[in-house]
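To start, the structure under review is shown below, and the notes come after it.
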Amino acid sequence: MGKNSETLFQRAQETIPGGVNSPVRAFKGVGGTPLFVDMAQGSRIFDADNLQYIDCVGSWGPMILGHGHRYVVEAVKKAATRGFSYGAPTLGEIELAEMIVQALPSIEMVRLVNSGTEATMSALRLARAATGRKKIIKFDGGYHGHVDSLLVKAGSGGATFNVPDSAGVPKEVTELTISVAFNDLDAVRTVIDKEVAAVIVEPVAGNMGCVPPSDGFLQGLRDLCTENGALLIFDEVMTGFRVAYGGAQSIFDIKPDITTLGKIIGGGMPIGAYGASKELMQLVSPLGPMYQAGTLSGNPVAVAAGKATLGVLKNSSIYADLEERSGEFETGVVKAAEKHGVPLTVNRAGSMWTIFFTEGPVTDYESANRSNRDKFARFFHLMLGEGVYLPPSQLEAAFFSAAHAKKDILQLIERADRVLKKIAWEFEK
Ligand SMILES: *Cc1c(COP(=O)(O)O)cnc(C)c1O
């Protein structure tokens, strides 16, 4: 690790818990010192030591156009000169809401918030307001932000650090949350009853690493919710505008009752959203009795970045290109692993993917956890040494952007091949 990142990390730890403002950034899942980032452009990030990396984190999902896309930068600059925040409604918010409603037919009205966490927290409140019920069903390794009641067998940092249930959350709060295995309809069938307000699911799980739904799983959830009068919440904070413009719900052709969004709809600026039918959204204040508010909600600069990002995504071949390049990468890595005799499983949904160091298949939290974390950590650091920045945890998804050109993909495969050869020497003898 570079000297400047080391120095900054030492300094950061004096005034910021663990030196980071979000836990997984701290590299605790792989050991070592996090890169302090100086700037990013296109598919590359540059650290405080002026080293360059191919970025496969993409700010954990938002940067689908790559860093510093000129349309987005222009939109942000223009918005910033007009004032940062007014606490009053603006035209831009209507336009972004219209783009979301157009992209996701299950959403007729949408409320903007400031993060994915706020979106899921509000979605639960809406589901409870609409049904008058209390209980929530989620999935092991599913992550929906740091909402108290959802920090039960949570993915992302909770899984990485083996603290799936957070301290500081009273058991009375999590008593109403039931967590079962992803892709296990029977488990849902067993626990769902007339007290369940909602089932919340990442339609393609991304926070236990990338784990796609098995055939019929999402339709089964839809049916079970309908039969029991529970609402189905698709947490598309990661998958919305990522796996397709219309999100995972467009690919699997399922209509959730409530959808949460974040990440890409802000183009890298802080934002979140929850949307549903007019009937449900009419419960939200000031139309209805469910209270939810935000000083900076619909922030004009964030909205400008989001609108510009969705605008570029909408009329483009980006999703087809991403699929092709991501597929090429997957094939390349799988081939290299076979050549060197390293057992691994690549899970992928479009441009979101994870390389699990296990024979697989990886279909849920338990099978994701069978991955060899030492091997992943070694892979991570060797790739970093090759100039590739991966998510610093086995249980996170990586991302490609429109800025990852064919030659970036070829470089990535070449580097992964070299690294897997070393891994084979070190682990498979
Ligand atoms: C990132 C994420 C969240 C939380 O969003 P924040 O903006 O980090 O609060 C919620 N749900 C899913 C599926 C996510 O990937």
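The values are calculated or read from the model by the stated rules, or taken from the named source; none is laboratory data. Quick caveat, the model's predicted, so the values are computed rather than measured. In this analysis, Cβ positions are derived from the backbone assuming ideal geometry, glycine residues included, and neighbour counts consider all displayed protein chains. Note: areas computed on protein heavy atoms with side chains; ligands, DNA, RNA excluded. Shrake-Rupley method; radii C 1.70, N 1.55, O 1.52, S 1.80 Å.
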Counted residues in the stretch 300-352 being open to solvent by less than 10 Å² (accessible area, probe 1.4 Å), small (G, A, S) and not assigned by TED's automatic domain parsing to the domain that holds G61 come to 3
Return yes or no: is A244 open to solvent by less than 40 Å² (accessible area, probe 1.4 Å), touching a Leu at 6+ places or on another chain (Cβ under 6 Å), of a type outside the set (V, I, T) and away from the ligand (no atom under 12 Å from the Cβ)? no
Number of positions in the stretch 118-134 that are hydroxyl-bearing (S, T, Y) and touching a Pro at 6+ places or on another chain (Cβ under 8 Å): 0
Residue by residue through the stretch 327-341, note down the ones that are small (G, A, S) and in contact with a helix residue (DSSP H, G or I) (Cβ under 8 Å, 6 or more places away or on another chain). G332, A336, A337, G341
Identify, by number, the condition in (1) touching an Asp or Glu at 6+ places or on another chain (Cβ under 7 Å); (2) open to solvent by less than 70 Å² (accessible area, probe 1.4 Å) that V191 doesn't meet. (1)
Within the stretch 130-162, tally of residues that are polar (S, T, N, Q) and either in contact with a strand residue (DSSP E or B) (Cβ under 6 Å, 6 or more places away or on another chain) or at pLDDT 95 or above (or both): 2
Quick check on my filter: what residues within the stretch 104-148 are open to solvent by 10 Å² or more (accessible area, probe 1.4 Å), within 14 Å of the ligand (Cβ to nearest atom) and polar (S, T, N, Q)? N114, S115, T117
Matching residues in the stretch 382-410 - criterion: being over 20 Å from Y365 (Cα atoms), out of contact with any helix residue (DSSP H, G or I) (no Cβ under 7 Å at 6 or more places or on another chain) and of a type outside the set (A, V, I, L, M, F, W, C): G385, G387, Y389, K407, D408
If you go through the stretch 57-89 one residue at a time, how many are away from the ligand (no atom under 16 Å from the Cβ) and in a loop (DSSP other than H, G, I, E, B)? 13
